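Notes for the one structure printed next.
The values are calculated or read from the model by the stated rules, or taken from the named source; none is laboratory data. Quick caveat: nothing in here was measured; it's all calculated off a predicted structure. Reconstructed Cβ throughout: ideal geometry from the backbone, glycine too, with neighbour counts over all protein chains shown.
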Amino acid sequence: MALYGAIEAGGTKFVCAVGTSPTDLRAQARFPTTNPSATLGQCLDFFRSQPAIDALGIGCFGPLELHRHARNYGHVTATPKPGWSNTDIVGPLARALAVPIGFDTDVNAAVLGEARWGAAQNLGTAVYITIGTGIGGGALIGGQLAHGLVHPEMGHLLLPREPDDSSFAGACPFHGGRCWEGLAAGPALERRFGQRAETLPADHPAWDLQARYVASALTTLVLVLSPERLILGGGVMQVSALFPLIRKYLARSLAGYVQATELDDAMDQYVVPPLLGSLSGIAGALALAEHAAQTA
């Protein structure tokens, strides 16, 4: 059986693994995302310490250059992550490991992992959103990961301001308080309420406001992409009170216009947490590696 390597490259931490599926991970390592040279060096040290892999999959924070014909294919491009703009991710790993590499955004990898082994199994169209230090989204459309001019940047959808939040300046370096990330990512919550999101009690008014912003963005995604399931992960979504509120406000926003059983009687099965939990990204990276091996 082929053995694959996987990297979930996040803005806060990198996770490396070797295995064949999320239930067959032979080894894992986690380390903070520091500077590119040191962080990629730790990835290489990990894989050199393991049995030889047949291919490597990388789900990486972005923005990314995913067009293989592009001069800077495999690079992080204009990221707000300090020190990482224009970093070549694929090149150093490909040269050192000499295996086929599958490369995509971390959120596209996550939706792929959920489609293969998790909450989006047997669905042709699904969206995965992560809400944490940033907001990102990946989409599976007609069974294929969404790519185009670049790749989905759902976290920067422009949102109408909630009436009780009109004075907040926002936290996005590109859009201030006009986009989803600037209004509802972890740093926005901390800046608005003066403490980290994970320290806010479940009955704090922050969560009602958060749910309204999330539902507003999801409304756009439902109307544009018509996904068969919305999967919401990331650190901020660990607050259990959010899911019922988001479902309620999404139903209110759609106002009965989209006629589907999932939006009427089964909303609790339509807006869901990732079935794979924290393994969505690594699972997706394994699936990227498998595809790279099969198409090499």
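The residues of region 32-63 that are among the hydrophobic types (A, V, I, L, M, F, W, C) and either modelled with pLDDT under 95 or in contact with a strand residue (DSSP E or B) (Cβ under 6 Å, 6 or more places away or on another chain) (or both), listed by number, are C43, F46, F47, I53, A55, L56, I58, C60, F61. If you scan region 181-221, which residues turn out to be of a type outside the set (D, E) and outside any helix (DSSP H, G or I)? Answer for region 181-221, where residues must be of a type outside the set (D, E) and outside any helix (DSSP H, G or I): A185, G194, Q195, R196, L200, P201, A202, H204.
Pairs meeting the criteria (first residue in region 14-26 and within 12 Å of F46 (Cβ to Cβ), second residue in a strand (DSSP E or B) and aromatic (F, W, Y), beta carbons under 6 Å, at least 6 apart or on different chains) are F14/F31. Quick one: is G235 surrounded by fewer than 21 Cβ atoms within 10 Å (Cβ to Cβ) and under 15 Å from G137 (Cα atoms)? For G235, the condition - surrounded by fewer than 21 Cβ atoms within 10 Å (Cβ to Cβ) and under 15 Å from G137 (Cα atoms) - is met. Number of residues in region 40-82 that are of a type in the set (F, W, Y) and either within 17 Å of G136 (Cβ to Cβ) or in contact (Cβ under 8 Å) with a residue 40 or more places away in the chain (or both) equals 2. Exactly one residue among D208, D268 is touching a Lys or Arg at 6+ places or on another chain (Cβ under 7 Å) and of a type in the set (D, E, K, R), and that residue is D268.
The residue list T20, T12 contains one member that is touching an Asp or Glu at 6+ places or on another chain (Cβ under 9 Å) and either farther than 22 Å from H147 by Cβ or not hydrophobic (A, V, I, L, M, F, W, C) (or both), which is T20. Summed over region 147-172, the residues that are closer than 19 Å to A217 by Cα and part of a loop (DSSP other than H, G, I, E, B) give a count of 13. If the condition is being of a type in the set (G, A, S) and in a strand (DSSP E or B), then region 135-146 contributes G136, G137, G138, A139.
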